[in-house]
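Structure record follows, encoded as structure tokens.
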Amino acid sequence: MHALFTLSLLGLAAAGGSPKPPKQNKILFPYEQTLLTSSDTRSFPSLSFGDISKPPRSKPKCRAFPGTSDWPSQSEWSKLGTFLNGSLLRPEPAQAACYPGPLQNATRCQWLATEAGQSHFWLDEPLTTLTEWPQGSTCTLNVNATGQCTRGGWPEYVVNVTSVRDVQAAVNFARNNNLRVVIKNTGHDFGGRSMGAGSLSIWVHNLKDFEYLPNFTVGKYTGPAAHVGAGIESFELFNHMARYNISLVGPGWGTVGVVGGWVSVAGHGTLTSKYGLGADQVLSINVVTADGQFLTVDPLNHEDLWFALRGGGGSTWGVITSVVVKAYSPITTVTVGLNFGNIGFPSDSTDGRYPLPIVVNQGIQPPPNSNFVNNKAAEFWEGVKLSYHYCLKVQELGGYCFSYIFPLGNNSFAFTSNQIIPDITPAAAIAALQPLYTQLNALSIPVSLPPASQIAPTLYAGNGQRTGFSNPTNTRYRSRLFPRKNFVNDNLWNKTFASIRAGVEEGGLVFHGWGYAPTCKVAGYPGCENSAVHPAWRETVLPGALMEVVPAGLTTAQAKARDEHSYKYTDVFKQLTPGAGSYMNEGDPAEKNWQDSFFGKNYENLLKIKKKRDPWGLFWAQTTVGSEEWRVFTADGYPAGQNGRLCRV
């Protein structure tokens, strides 16, 4: 259960005086009612609160690091551990089971390599993130591992958060001891923002509380809402939807965290064309800021943070402990799959089917049990081009096109796309998609729509029995928010699609497209009002990325070479889409001109807020607001790696 507090922040205005200040609804979970007290800070000065009105007297060149003179003593760490009642962890890497030494365990190593990824193990593991390369490859998961497993870019200590008091203690201890801080939930992180060598990690993964609020009012909004704990994952959110017979905008992948980085950057999913981005849903945010204070931020209170926390990036403004989001009536969706490809040879084959390999050359796996038709390359690419353009009509219905183009080797390619349309009958969905299939058939691509009787609408929320699992890998994304204008101008569309084709055909990279349109109109309130979401999101109809899985243990030179290879194609994306931006959560952590790509015209204002709210620069992560003042100095210069000390530039 939650607690509801209605507070007048400044007291009642005197008769005839200034207008009454806004009242604030504070919706708190029990874990948010246990706070750090003045008594705590008197007995443990390292937990003293900061004061943003008093800039720090000195600015250390680097963050404290294990082995340096300013690293807290073991007695100080022990005192923090005692204060946190067992929530301070110093976990050993799970991967150490594969390496010679006291933690080696061949049976466990084999299980980690073959079965852990089919469970929730890696999501519940306090150190590991699901993208491994930023760690520095000092302890990769390998059943034939040799040498020594070292900590690398993983945090030194972890606070397993059970209350706001834990968060405040961690934030204050880190700030007062000049420590690097990282924030982690599931580790569903493609940019290395949830890890850092020598850091103190604030791990909110176990804050799983949820409550449905049938009637919630804030600002211009009155209606149903949900209070969501910071540790909730998408599959858990969907199970709550089923329990309460509601719909919430959530991530599509089951193990993505719903609170934190997802809503703080933008957040997309199945309902993006119908209800907008994840950031558009937020009505209230509970957060611990860099000075250690616990605030409730909403449209009427702390307006600078209200702006920054919705689109201004994760790991930047504070540690979010929960959010209140808009809720909707139950929704059904109809999904129609579209799969076709070419085998490249023999060109005169008439078989018409192509068995999908289990793992393609990039290590990124298309959906199983799909059949791909034989086509000439020109017909294949024209069919893909038609399919992407036709997604504009799907978006007009509030729908979503989730797609991949896979290079399969030997001049062979596969295209797969799910068209997901909410609140539509099967017959209407078939009628809406039939013109696309007719055009594909005219290209001798023998795809066909199933009869409406074979398509059943499914409840968006599901049956309440979803589960989630994920396996660490080395996926790299380099994304762009392709705008509508690139689709409606024929000449520009031809060039745009040619650039996508080149990235796959010449570059050997996978193209991943999310076809939706999160306009201000569909976002509703609070939506675009006082939002830091990159303006390019409101014009996009195809956020897309070139992606690859990079081998573990690349040298610095090899990593830089792969970056430059990808940039040869993504730079063309940028030339064709000036000002269009990129999605940071599935973007390049080594993005050139990232301030414009990830934040656009909002960056200057965001930087002012950052300097005001966090004059210490406590919250730092790659390509976040203000991060240009710091850099991780890795021993080998690995681009965007986190295995090194954080120092000022």
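The values are calculated or read from the model by the stated rules, or taken from the named source; none is laboratory data. The structure presented is a predicted model; accordingly, all values stated were derived computationally and were not measured. Cβ: placed from backbone, ideal geometry, glycine included. Neighbour counts: every protein chain shown. Note: accessible area is taken over every heavy atom of the protein model, side chains too, but ligands, DNA and RNA are not part of it. Shrake-Rupley method; radii C 1.70, N 1.55, O 1.52, S 1.80 Å.
Computed values, structure above
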quantity	calculated
Lys, Arg +1 and Asp, Glu -1 on Cβ, resulting dipole of the chain about Cα centre, debye, nearest 20	1320 debye
Accessible area (Å², per residue) of the chain, counting only protein heavy atoms and a probe of 1.4 Å	39 Å²
Among 241-249, 441-449, the order from most to least packed when residues are scored by Cβ within 10 Å on average	241-249, 441-449
Alpha carbon centroid spacing (whole Å) that separates region 20-98 from region 510-549	35 Å
Sulfur and carbon atoms: percent of accessible area, the chain [1.4 Å]	52 percent
Over region 180-323, relative contact order from alpha-carbon pairs under 8 Å, at least 6 apart, %	20 percent
Local electrostatic count, Val164, Cβ distance below 13 Å [Lys/Arg +1, Asp/Glu -1]	-2
Cα centroid separation, region 229-254 to region 582-649 (Å)	30 Å
Part-to-part distance (alpha-carbon centres) for region 423-479 and region 177-228, which is given in Å	31 Å
Size of region 581-642 as Cα extents on the principal axes (Å, biggest first)	34, 28, 16
Relative contact order of region 473-572, pairs being alpha-carbon contacts under 8 Å that are 6 or more residues apart, as %	46 percent
Highest average packing first - 191-203, 603-615, Cβ atoms within 10 Å	191-203, 603-615
Cα pair distances exceeding 17 angstrom across region 166-243, given as percent	60 percent
Segments 50-58, 259-267, 107-115 sorted - mean Cβ within 10 Å per residue, highest first	259-267, 107-115, 50-58
Other-chain or far-sequence residues with amide H under 5 Å of Leu542's (modelled H)	Phe482, Tyr516
Cα Rg, Dmax (largest Cα-Cα span) when computed across region 98-171, Å	14.5, 43
Shape box of the chain [Cα atoms, principal axes, largest first, Å]	81, 71, 44
Gyration tensor (alpha-carbon) shape descriptor, region 50-99, a/c threshold 1.5	prolate
For region 394-462, fraction of C-alpha pairs farther apart than 18 Å, in %	49 percent
Average Cα contact separation per residue, region 222-307, under 8 Å, 6 or more apart, as relative contact order %	19 percent
